[in-house]
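Engineer: Please find one structure pasted underneath; my questions will follow.
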Amino acid sequence: METNDKRACVGLLAHVDAGKTTLAEAILYRCGLLRSLGRVDHGSTTMDFDPLERERGITIFASQATVNWGDWELTLLDSPGHVDFSAETERILQVLDCAIVVISGIDGVQVHTRTLWKLLAHYQVPTLLFVTKMDLARSSRPELLEAMQQELGDGVVDFSPDNAQREEQLALCDEAAMEEYLAQGRLSPATLRALIAAREAFPCFFGSGLKLEGIDALLDALTRLIQPRPRTEAFGARVFKISHDPQGVRLTHMKLTGGVLRVRDSLCYDGLEEKVTQLRRYQGGRFTTAEEVLPGQLCAVTGLSAARNGQGFGTEAGSGTPVLEPVMHYRIELPQDTDPRLVLPKLRQLEAEDPLLRLRWNPRLQELSVGLMGEVQADILKSLIRDRFDLSVELGQGSVLYRETIDRSAEGVGHYEPLGHYAEVHLLLEPLPRGSGLVFAASCSEDKLERHWQRLILTHLMEKEHIGVALGAPITDMKLTLAAGKAHLKHTEGGDFRQATYRALRQGLMQVPSVILEPWYRFRLELPTAQIGRAITDIKARFGSFDPPEDSGGVSLLRGRAPVATMTDYARELAAYSRGRGKLSLELEGYELCHNPEQVRAESSYDPEADLDNSPDSVFCAHGGGFTVKWDKVFPSMHLPSVLTPPQEPLAPTRRRLSIDEKELQAILEREFGPIKRPQYAPSVWRGRPEPAAEAQTEAAVQMEQSARKQYLIVDGFNVIFAWPELAALAEQQLELARNRLMEILANYAAFTRTKTILVFDAYRVKGGKGERFDYHGVQVVYTKENETGDAYIERLMQSIGKHAAVRIVSSDNLIQVSALRSGVLRQSAREFGAEIDRVYGDIEQFLRSHNQQKLGTVGENLTGPQDS
């Protein structure tokens, strides 16, 4: 098998109209694939080849093209930029070796850019940025870079050739990189690739796709800095797209991550074994056939009838759960005399291509419905149905897709025991934070219920979309734990546990109040200042909230959040009253509490006890027959005891402490030496009884010690607090507890090591803060004043005493470490200092044990050794 580690799959992502497709054309042109540049406005681009894309001037479907740059083979994946097609973009992320996020130099980071950034972080995709349209930009390069760093993080680094500080800025992204930079003055290529692969650094380039500016620099850096994902000798592949060609042939698009795939090979998945009948390599809308496909390459496979988006083969077996979900629900209105049961199989083809369509058939109402991200996707769906199936449909007015959760824990019991069957399941239902989804677990002992039954119950929990009892909407943000279960040696069958599991979940939901959740937008509204009052009134009327308006040059910017249900038509209303000058950007933030739950309940009219397909009741057996027990009467009849017990708070982690009370230690020392005026303990270098030669110091030695440079330790307080797990845990409860604990630790350390210790806390944002300095058991504690950062105070302090004393700074802040280097003082990370604290506490404990063992000696004798008689 041919091997080539220089193959990479590169995704292009952007907010709509940022210039992504134009950049793709520029890359294809510079790599020699095109003889002339295609243009979006001319409908002549290679990547947007579908008639719907050319008609609307936007990317709707992900497309690919393979090019060569140097000795690298790069496969470009162009993704949709419109928020309504975010699901298509998300599906390609799991096969990317890296991504290029395209940002418009005119508009900067936009709302959908942040959504894409979160998705890239979720899938851990190494990312580069390209700011295009710089020939039309309204802001300078430094201004754009600063805005990107504020929106996307400090890891965004300008990779322009004239950026002399690039290496230092990269070193600030990682502690190990900073150590390498301080030691060698530069970062190795391997370190650069590692920083980018770990998403610690994000190289940023500037140029213009239309004018071919910055394209070569981007491609050179791409091939120099990216690190393809590891590949295996064994076969592995991941599906990222399902489509159909004009002849209706089903295409399964996949990326090979290992091994080799050949025509006529058999693939096994989901209990099926099917042969590959053809391998296609696509360039835009055209393809060539291949006899085999190698690791790192993309292909479209024919012959697979049931493979799905996200499907894994071989070493990639399994599939993930998408992050994005549709937020709107539309009823499909078919032409008269059209049988929906005949239309349903056709629409299933579209659902296979986009699983988030969530096509639903309601047999009671004889009605089809579909889940969509917004109105643009709704229009595209109608066009697809018309063009592919010659069927004109309309979509009813969109309604919000609600979710349900709970606000307290409950135990759900399901018992299923008709004659000849038996199963009982106890589930623990617990609420989780917003956005957690459903989490499944088992705490049942295998001595009580065999492992294969437990696995079966968990499978039943995960095999379908469970609905709540308030609206019949899908449930979310819960942990479902199998707490107990019981089977019968003779009568239990697999289907029995399905019934018991479903009933246990429903019975648990019936016991606690349901919480209705609805999707919320985070919005960005830009319009003339004269109309900001109207906008504020509108947002309040739509149950939204917002930050104070920002005014600049007659234009106001309003940022906030509002329910999706109240904002669906606001873009058109804004365009009308602002005469086209208003601009609204919406980003789906997630599900939050519903703003009108009682109204939603009333309109739903859902009766959970009348839903026979989702019954909360149990079935028991008596006198040779089964009978139903209502959900609220189940507990007295169940065969297993209740498992619901009050949760116990976990103990906070603690650092090693002294083996005796500190007051007792102080009393011992004062009894031996009298009132203590000097530090209480011996230096940390002490290790038991000294050698005889070191038992007495001469006067000269004392004078030498006094003339030595004074030892100073400067500690960045908040940096250490949030770097040590013990203190971070205390800070979550109350920050004052963590501060006090750190002062106690440093007081013991300073006294034992005879080190002058200065502890600095940043009070930069404390309004009216005048700063404070006080002594805490030998530790000088400093609170900076208002508008003075702790970093600035520490840097000034290092410069003033660093030349006359031996100074050591404790901080993991890279900027402080760079300042320490310039001031010529020693540097120590919070983690390293924590290890030193542990060692010093160990020395103190050793001293105390030595004192306790020598019953006839005094503490003073333990420190100085026996005196000659």
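Engineer: So, I794, is that one β-branched (V, I, T), within 30 Å of C173 (Cβ to Cβ), modelled with pLDDT of 80 or more and not in a strand (DSSP E or B) or not?
Structural biologist: In short, yes.
Engineer: Residue pairs, Cβ under 9 Å, 6 or more apart or interchain, first in region 144-167 and in contact (Cβ under 8 Å) with a residue 40 or more places away in the chain, second part of a loop (DSSP other than H, G, I, E, B) and of a type in the set (K, R). List them.
Structural biologist: Hits for this filter: G155/R199.
Engineer: Which of the residues belonging to region 359-398 are touching a helix residue (DSSP H, G or I) at 6+ places or on another chain (Cβ under 8 Å) and closer than 25 Å to H595 by Cα?
Structural biologist: Answer for region 359-398, where residues must be touching a helix residue (DSSP H, G or I) at 6+ places or on another chain (Cβ under 8 Å) and closer than 25 Å to H595 by Cα: V370, G371, L372, M373, G374, E375, G398.
Engineer: Of the numbered conditions (1) open to solvent by less than 10 Å² (accessible area, probe 1.4 Å); (2) among the aromatic types (F, W, Y); (3) in a strand (DSSP E or B), W520 fails exactly one; give the number of that condition.
Structural biologist: For W520, the failing item is (1).
Engineer: Separate question: Just one of (1) in contact with a helix residue (DSSP H, G or I) (Cβ under 6 Å, 6 or more places away or on another chain); (2) within 30 Å of G320 (Cα to Cα) trips up T113, so point out which.
Structural biologist: Unmet for T113, out of (1) in contact with a helix residue (DSSP H, G or I) (Cβ under 6 Å, 6 or more places away or on another chain); (2) within 30 Å of G320 (Cα to Cα): (1).
Engineer: Here is a list: P326, P322, P340, P355. Which entry is touching a residue at least 24 places away in the same chain (Cβ under 8 Å) and over 30 Å from the mean Cα position of the chain (by Cα)?
Structural biologist: Exactly one of P326, P322, P340, P355 is touching a residue at least 24 places away in the same chain (Cβ under 8 Å) and over 30 Å from the mean Cα position of the chain (by Cα), namely P340.
Engineer: Taking V131 as the residue in question, decide whether it is in contact (Cβ under 8 Å) with a residue 60 or more places away in the chain, part of a loop (DSSP other than H, G, I, E, B) and of a type in the set (V, I, T).
Structural biologist: In short, no.
Engineer: In region 394-416, what residues are over 33 Å from the mean Cα position of the chain (by Cα) and assigned to a strand (DSSP E or B)?
Structural biologist: Correct list: E394, L395, V413, G414, H415, Y416.
Engineer: Moving on to the next point. At pLDDT 85 or above, outside any loop (DSSP other than H, G, I, E, B) and within 22 Å of V807 (Cβ to Cβ), is that true of N740?
Structural biologist: No, not satisfied.
Engineer: Return the pair list, or none, for Cβ contacts closer than 7 Å from residues in region 49-67 that are open to solvent by 40 Å² or more (accessible area, probe 1.4 Å) to residues that are among the small types (G, A, S) and not in a helix (DSSP H, G or I), at least 6 apart or on different chains.
Structural biologist: Every condition considered, the pairs that remain are F49/S63; F49/G284; F49/G285; R54/G43.
Engineer: Need pairs with beta-carbon distance below 9 Å; first residue more than 18 Å from E53 (Cβ to Cβ) and open to solvent by 10 Å² or more (accessible area, probe 1.4 Å) and within region 8-31, second of a type in the set (A, V, I, L, M, F, W, C) and outside any strand (DSSP E or B); sequence gap 6+ or separate chains.
Structural biologist: Y29/L37; Y29/L212; Y29/I215; R30/L212; R30/I215; R30/L219; C31/L219
Engineer: Looking at region 622-641, which of its residues are of a type outside the set (K, R), modelled with pLDDT of 90 or more and not in a helix (DSSP H, G or I)?
Structural biologist: F627, T628, V629, V634, M638, H639, L640, P641
Engineer: Here is a follow-up. With L461, L489, L419, L456 as the choices, which residue is hydrophobic (A, V, I, L, M, F, W, C) and either free of Cβ contacts under 8 Å to residues at least 40 places away in the same chain or part of a strand (DSSP E or B) (or both)?
Structural biologist: Within the list L461, L489, L419, L456, the selection yields L489.
Engineer: Looking at P126 and the list (1) crowded, with 19+ Cβ neighbours inside 10 Å; (2) in contact (Cβ under 8 Å) with a residue 60 or more places away in the chain; (3) more than 30 Å from L586 (Cβ to Cβ), which single condition is not satisfied?
Structural biologist: Every listed condition holds for P126 apart from (3).
Engineer: Does region 566-583 hold any residues that are open to solvent by less than 40 Å² (accessible area, probe 1.4 Å) and either touching a residue at least 60 places away in the same chain (Cβ under 8 Å) or assigned to a loop (DSSP other than H, G, I, E, B) (or both), and which are they?
Structural biologist: If the condition is that a residue be open to solvent by less than 40 Å² (accessible area, probe 1.4 Å) and either touching a residue at least 60 places away in the same chain (Cβ under 8 Å) or assigned to a loop (DSSP other than H, G, I, E, B) (or both), then S578, G582 are the ones that fit.
Engineer: Considering region 533-557 alone, what residues qualify as being within 18 Å of W520 (Cβ to Cβ), of a type outside the set (A, V, I, L, M, F, W, C), open to solvent by 50 Å² or more (accessible area, probe 1.4 Å) and in a loop (DSSP other than H, G, I, E, B)?
Structural biologist: If the condition is that a residue be within 18 Å of W520 (Cβ to Cβ), of a type outside the set (A, V, I, L, M, F, W, C), open to solvent by 50 Å² or more (accessible area, probe 1.4 Å) and in a loop (DSSP other than H, G, I, E, B), then D547 is the only one that fits.
Engineer: Now a separate question. Within the group A164, A137, A176, A121, which residue is farther than 23 Å from G209 by Cα, open to solvent by 10 Å² or more (accessible area, probe 1.4 Å), part of a loop (DSSP other than H, G, I, E, B) and of a type outside the set (S, T, N, Q)?
Structural biologist: A164
Engineer: Since D354 meets every condition but one in (1) in contact with a helix residue (DSSP H, G or I) (Cβ under 9 Å, 6 or more places away or on another chain); (2) among the acidic types (D, E); (3) modelled with pLDDT of 90 or more, which condition does it not meet?
Structural biologist: Every listed condition holds for D354 apart from (3).
Engineer: For region 235-249, which positions are over 15 Å from Q297 (Cα atoms) and not hydroxyl-bearing (S, T, Y)?
Structural biologist: Matches in region 235-249: I242, H244, D245, P246, Q247, G248, V249.
Engineer: Next question. Considering only region 252-357, give the strands (runs of 3 or more DSSP E) lying wholly within it that have at least 2 residues that are open to solvent by 70 Å² or more (accessible area, probe 1.4 Å) and of a type outside the set (F, W, Y).
Structural biologist: So the answer is 272-275, 286-290, 328-333.
Engineer: Name the single residue that is nearest to the chain's Cα centre (by Cα) among those in region 150-159 being crowded, with 17+ Cβ neighbours inside 10 Å and not β-branched (V, I, T).
Structural biologist: Across region 150-159, the extreme among qualifying residues is L152.
Engineer: All but one of (1) assigned to a helix (DSSP H, G or I); (2) touching a residue at least 24 places away in the same chain (Cβ under 8 Å) hold for A190; state the number of the condition that does not hold.
Structural biologist: (2)
The values are calculated or read from the model by the stated rules, or taken from the named source; none is laboratory data. Nothing here was measured: the structure is a model prediction, and the numbers come from that model. Note that each Cβ is placed from the backbone with ideal geometry, even for glycine, and that neighbours are counted across all protein chains shown. Remember, those area values only see protein heavy atoms, side chains included, never the ligands or the DNA or RNA. Shrake-Rupley method; radii C 1.70, N 1.55, O 1.52, S 1.80 Å.
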